[in-house]
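Please read the structure below before turning to the comments.
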Amino acid sequence: MGHVLLNSIQFLGTTSNPLTNKEFRESLDLTYRLAIENVNLSEREKLHVDALRKLDEGFMGKASTIWERILQSHPTDPLALKLAAESYFYLGYKRDLKGSIERVQDKWSPQVPYWHFLFGMKAFGCCENEEYEEAERLAKEGLKHLRNDIWSTHALAHVYEMIGQFNLGAKFLDETVDDWQSCNLMSCHVHWHNAVFNIERGDHGRALAIYDAKIGPRIQEDPDNMLNVVDACSILYRLMLEGVDLKDRFCGLISTCENHANDHVYTFNDLHFLMVFLGSGHRVKARQFVQSIEDYLSTQPHANEYTMTSRLVGLKLSRAMLAYHEGFYEEAVELFREMMKEIQEGKFGKGREGLEKEMGPKEAKSGEGLFGAFQPSIKRDLVVVIGGSDAQRDVFAQFCIHASMNSKKPEHQSLARDLLQQRKIIKPISPLTDRLMAKLQSCTRDR
Ligand SMILES: [Fe+2]
């Protein structure tokens, strides 16, 4: 099981691709060989190995189905529960993010090891399902049981973000930093939340100070931690959209992103790497990177979750970002509008029929786990299929707003207004939205 744990974490860390990483490939093959040789393997252990194989094939959704099978017979299996929850985050399966905990929570009690972690996990699931009051209650309950529980801290930060309590959120994280910053895996991400609070309230200096002190240095220490890397890219890109000049900071991330540019394991990561190539002004690198996604897709004999999300979202959004940074704002808007139209009306809404058309009947059968992600239930967040949280994907909403505002076409200006109004509905209290609305008004007046 140690091998399963190690390799599953490697997959869910989205750090490397066994197709290109020889060491990772060998580690996986060793795990499968040991599983075959060990006649004493339990049914539960065999299922964990099966789930690993699905991750290896590029079907995290299918792996999550196996972890749920394990949880049906072993509801307190912490590995199955945690891996399933992580997979739902990466897949954008919002309902399962909460549902996976709800399905087993009555079998957990304070006597079960790691019991207290369920509060933070469920709180995050509730938050992504817009149940903010319940999310806040659960996160605070989790912190009452364990003040160092970074998952509860993180869930509470998400609540404050989504309900527009940026001052309260920043104060909470500043005051509790000693409780959570030693939690290695997640602490950089919680600092990211604090930086986002500060960008929202217009304190770019404080956001940049957090980046320089708490986020940037971690990338130097551990450049293979993708969660930290995407957070670094995201903070810089958000600040750049706000008009802060950060070319040197972007340049500092180039080698890290280049080292993972050919991983092609997660569309969400690809889009963040692209932010660095674009933000640093290296348009040739940016174009080469987008070309590398196209080349990778054209050489893959079988569709999987990465190829699907890249074809339907990643590539179009990448091309829109390229166009924006080259000053072709109208083209950028048309590219992301085309993507949004397809998600709303086209392939995503057709269920099996649409999936089979894209992947062929055989792959569609094995990719049933994709259906949840492609349902058009995403009433406002059109790129949910690329995974991540509502707060993380907001950077793409901001990009679309900026592209529309910069376009000279009146219909694109109207779209910018619509997108800003949508953002206002999602987050009624948002100084960032107010700033952009004021900017749009002055742009419209000047034209
Ligand atoms: Fe988060």
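The values are calculated or read from the model by the stated rules, or taken from the named source; none is laboratory data. None of these values were measured; they are calculated from a predicted model. Every residue, glycine among them, receives a Cβ derived from its backbone with ideal geometry; neighbour counts consider all protein chains shown.
So, L97, is that one under 23 Å from T14 (Cβ atoms) and touching a Ser or Thr at 6+ places or on another chain (Cβ under 7 Å) or not? In short, no. The single condition among (1) away from the ligand (no atom under 15 Å from the Cβ); (2) modelled with pLDDT of 95 or more that G169 does not satisfy is (1). The number of residues in segment 386-411 that are within 15 Å of the ligand (Cβ to nearest atom) and farther than 21 Å from K98 by Cα comes to 1.
Of all residues in segment 226-271, those satisfying the criterion of being part of a helix (DSSP H, G or I) and closer than 15 Å to S292 by Cα are C257, E258, N259, T267, N269, D270, L271. When A303, A286, A320 are checked against the criterion of being more than 30 Å from E221 (Cα to Cα), in a helix (DSSP H, G or I), within 21 Å of the chain's Cα centre (by Cα) and small (G, A, S), A320 stands alone in meeting it. Considered as a group, the residues in segment 110-130 that are assigned to a loop (DSSP other than H, G, I, E, B) and in contact (Cβ under 8 Å) with a residue 12 or more places away in the chain include one that is farthest from the chain's Cα centre (by Cα), and that residue is V112.
With the condition kept exactly as written, say whether any residue in segment 157-178 is in contact with a Leu (Cβ under 8 Å, 6 or more places away or on another chain) and farther than 24 Å from L239 by Cβ. Scanning segment 157-178 turns up no residue that is in contact with a Leu (Cβ under 8 Å, 6 or more places away or on another chain) and farther than 24 Å from L239 by Cβ.
Take the conditions (1) surrounded by 21 or more Cβ atoms within 10 Å (Cβ to Cβ); (2) at pLDDT 85 or above; (3) not polar (S, T, N, Q); R417 misses just one of them, which is (1).
Taken over segment 173-192, the criterion of being within 14 Å of the ligand (Cβ to nearest atom) and touching a Ser or Thr at 6+ places or on another chain (Cβ under 9 Å) is satisfied by L173, W180, C183, M186, V190, W192.
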